[in-house]
Amino acid sequence: MSRPAAPKASFLASLLELPKNVWSSIFRNPLPSNDLERSATSFTNFFLHIHPVKVHKHSLRPAYTFGLGLISFFLFVILTVSGILLMFYYVPSTSQAYDRMLDLRGSVAFGTLLRNMHRWAAHGMVAVVFLHLCRVFLTGSYKKPREFNWVVGVILFLLTLFMSFTGYLLPWDQLAFWAITVGTAIAGYAPIIGKDIQFLLMGGTSVGQEALLRFYVLHVAVLPAILTLMIAIHFWRIRKDGGLSRPEDADPKVSLVAMENAVEVKASVLEPKKVYGFQGLVRGPLTKVGEIPDNTVYSWPNLFLAELFVFVITLSAILVLSLLFNAPLEEPVNALHPPNPAKAPWYFLGLQEMVSYSAFWGGIGVPGIFVLLLLVAPYLDRSPKGVGKWFSRDRLLANTIFITFVVANIIFVIIGTFFRGANWAFVTPW
Amino acid sequence: MAVNLKRSSGEDAEGGRTSRRRMLGWLTGAGLFGSAGLSAVSNFVFIKPRATYGQPQRFSVGKPEDYPSGTRAILAPRGICIVREDSKLAAISITCTHLGCTVGAADTGFACPCHGSRFDQDGNVTGGPAPRPLPWFQVTLAPNGEIEVDKDIEVSPGSYLTL
């Protein structure tokens, strides 16, 4: 029987061990050095446990996803952080908003940089979310069982556009004022509820203080909350749908030879009293028992390093852009004279070009049909062929229709950007 | 942690006869979803303003002498163009009927910088996406001799106030 240590000595010992104990209470695993610890690290860390413990090699191929979904998410994180910081100096008031923009440029430390980052990350997010949508379509990844996650993705794309639209009213410069005047007027062309939506958005009959406040609340509270929720659902469903899509031949064939006289019976017939564990509910190829060969690798370090790499690249790109190019700020609002020509940001110029032919068809009809087609695509295109391959020959028709829409929009954007001059007249840029 | 595969809804001890339970289930659902729906609707009622701030729609624009014959004066803050020809006077809207931009004066009438709608001197559409001509507003001569424009009352194009 050993004597207990003197109270003073044991107190000193625990004091000495305090840093180590605090550390190991936070991080319950040492840096992994074997597969068990690799699994445990992914599994027990709050920020890592959204990932599977093992990930398919096909999902890690850079040329399959180009990391577009991840880049979108990291841009959203950059936008959230820079946006919250900008909120410390911004006032949603028609008399102050523009001056606050000038303050950001002139007298706030890092003000220009943060505004630039917010602007370029926003433009980047619109572009990358759209490219991500293209990737998912062109690889046929919206097919069963991923139909609903595709729908969530389309909603995320629309929310991204709406986020950027509500964002560029806030500087209260000429672009802001006339873009919102036109944008809310387009909403007014929607059938039946159009005028009510327009009135709700503007908080009155013309664009003014009420509209600025409403767009501010939408931009900093309502839409980010919805976007965050939808992103969470989007990520959750990726896991529940069995990870990223991949072609059938990405997995080694496991042949299960049926017995000659085997018949299919329900488990409940054989064992009516049996209760099943929750593991029995998990769908997809995630639960593996025994030594079935597969093409997966441990998420630690393979997936996490890839994600870190994408994050560093994304942040660096935004930083470099923000150091090189200043976010534009036009003249303060002049409600009497629109700039001539009054042009929207590049990603809405295709829409602007289309509404210059017809307000309803360009602003509501054609975009509405396009969005509707996107939403129902996985429910109309039920063939399981061509999943997980870029430009699969089995998907020639669907891909051709999709690319036609995309190219048409790009052409409209190019016309709107380079071929439209004063009074939206056709001009040649050379 | 176990899941029972046997369905628990439905049959009671006698088998069948679940109408009361079903009824209560329906009522509970209707109550919950109904309240949720009503709350959602009331949110929209809340954010729909009852009173709005705006400029008066009926205003004076000065005396007829301020507009000599042949004048086409754009009063941008009011959103109108005052047209005077000899003893005839009219007020034409300068808010584009397409998507609400302010049109500017052009050689042939009016032109919109946003989407290229063009109008002639009387506000009729001559090109671009505008669906309707620029509306004309009622112009009257007030007892104090000033011209009064009422943007709430549209008049047919070509109806001038004769001084």
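Residues with amide H under 5 Å of A:Ser141's amide H, sequence separation 5 or more or different chain, H placed in the peptide plane at 1.01 Å from N; which?
Amide H neighbours of A:Ser141, under 5 Å, 5+ apart: A:Gly388.
For chain A, with a Gaussian network of springs between Cα atoms less than 10 Å apart, report the residue from A:Phe74, A:Phe309, A:Phe148 with the top mean-square fluctuation.
A:Phe309
Go through A:407-418, A:28-39 and give me the packing order, highest mean Cβ count within 10 Å leading.
A:407-418, A:28-39
What range in chain B is the longest one free of trypsin sites (Lys or Arg not before Pro) that are in a loop by DSSP and have at most 10 other Cβ atoms within 10 angstrom?
Values: sites that count: B:Lys6, B:Arg7, B:Arg17, B:Arg50.
The longest such stretch corresponds to B:51-163.
Going by amide H atoms built from the backbone, whose H comes under 5 Å of the H on A:Lys54, apart from near neighbours?
Counting only residues 5 or more places away or on other chains, the set is A:Ser299.
Distance cut-off 19 Å, Cα to Cα: go down the list A:Lys144/A:Lys385; A:Lys144/A:Lys389; A:Lys240/A:Lys385; B:Lys48/B:Lys151; A:Lys54/A:Lys144 and report the pairs above it.
Details: A:Lys144/A:Lys385 11 Å; A:Lys144/A:Lys389 15 Å; A:Lys240/A:Lys385 21 Å; B:Lys48/B:Lys151 23 Å; A:Lys54/A:Lys144 22 Å.
The answer is A:Lys240/A:Lys385; B:Lys48/B:Lys151; A:Lys54/A:Lys144.
Need one value for B:77-84: mean number of C-beta atoms belonging to other chains within 10 Å of its residues' C-beta atoms. Could the numbers behind the result be given before it?
Numbers: counts 2, 1, 3, 0, 0, 0, 0, 0.
Per-residue shielding by partner chains comes out at 1.
Which of the three applies to segment A:1-156, rounded, prolate or oblate, going by the alpha-carbon gyration tensor with a ≥ b ≥ c and a/c under 1.5 meaning rounded?
Working: a/c = 3.63, a/b = 1.35, b/c = 2.69.
It comes out oblate by the Cα gyration axes.
Put +1 on the Cβ of each Lys and Arg and -1 on the Cβ of each Asp and Glu in segment A:24-148; which of A:Tyr89, A:Val129, A:Pro62 then has its Cα farthest toward the positive end of the dipole?
The listed residue farthest towards the positive side: A:Pro62.
Assign one of three labels to chain A, namely rounded, prolate or oblate, based on the Cα gyration tensor with a ≥ b ≥ c the square roots of its eigenvalues; rounded applies when a/c is under 1.5, prolate when it is not and a/b is larger than b/c, and oblate otherwise. Could you put the intermediate results ahead of the total?
Values: a/c = 2.36, a/b = 1.37, b/c = 1.72.
Oblate, since a/c reaches 1.5 and b/c is not below a/b.
Based on DSSP H runs of at least 4 residues, each adding -39500 (n - 2.57), what is the mean residue ellipticity at 222 nm of the protein assembly as shown after dividing by all its residues, to the nearest 500 deg cm²/dmol?
Working: 18 runs with 270 residues, N = 593.
Mean residue ellipticity at 222 nm (helix-derived): -15000 deg cm²/dmol.
Indicate the helices, whole DSSP H runs only, in chain A that combine a mean Kyte-Doolittle hydropathy of 0.0 or more with a Cα extent along their long axis of 24 angstrom or more. Kindly include the intermediate steps, with their values, before the conclusion.
Details: long enough: A:68-87 (28 Å, 2.59); A:111-138 (40 Å, 0.86); A:147-167 (30 Å, 1.64); A:223-240 (25 Å, 1.02); A:299-324 (36 Å, 1.98); A:396-418 (32 Å, 2.28).
In chain A, the long hydrophobic H runs are A:68-87, A:111-138, A:147-167, A:223-240, A:299-324, A:396-418.
Just tell me how shielded A:299-307 is by partners: mean number of partner chain Cβ atoms within 10 Å of each residue's Cβ, no decimals.
Values: counts 0, 0, 0, 0, 0, 0, 0, 0, 0.
Average per residue, whole number: 0.
Rounded to the nearest 10 degrees, what's the angle between the helix B:19-47 long axis and the longest principal axis of chain B, both from Cα atoms, 0 to 90?
Tilt of helix B:19-47: around 20 degrees.
Could you pull out the longest piece of chain B with no exposed loop GluC sites (Glu not before Pro) in it, calling a site exposed if DSSP puts it outside H, G, I, E, B and it has at most 14 other Cβ atoms within 10 Å?
Numbers: sites that count: B:Glu11, B:Glu14.
My reading of the result: B:15-163 is the longest stretch.
What does the average come to when, for each residue of peptide B:102-115, you count the partner chain Cβ atoms lying within 10 Å of its Cβ?
Details: counts 8, 2, 5, 0, 1, 0, 0, 0, 0, 5, 7, 12, 17, 15.
Neighbouring Cβ atoms belonging to other protein chains average 5 per residue here.
Rule-based calculations on the coordinates, nothing more; no lab input. The shown structure was predicted, so the numbers you read here are calculated from the model rather than taken from an experiment. Virtual Cβ from ideal backbone geometry, glycine too; neighbours counted across all protein chains shown.
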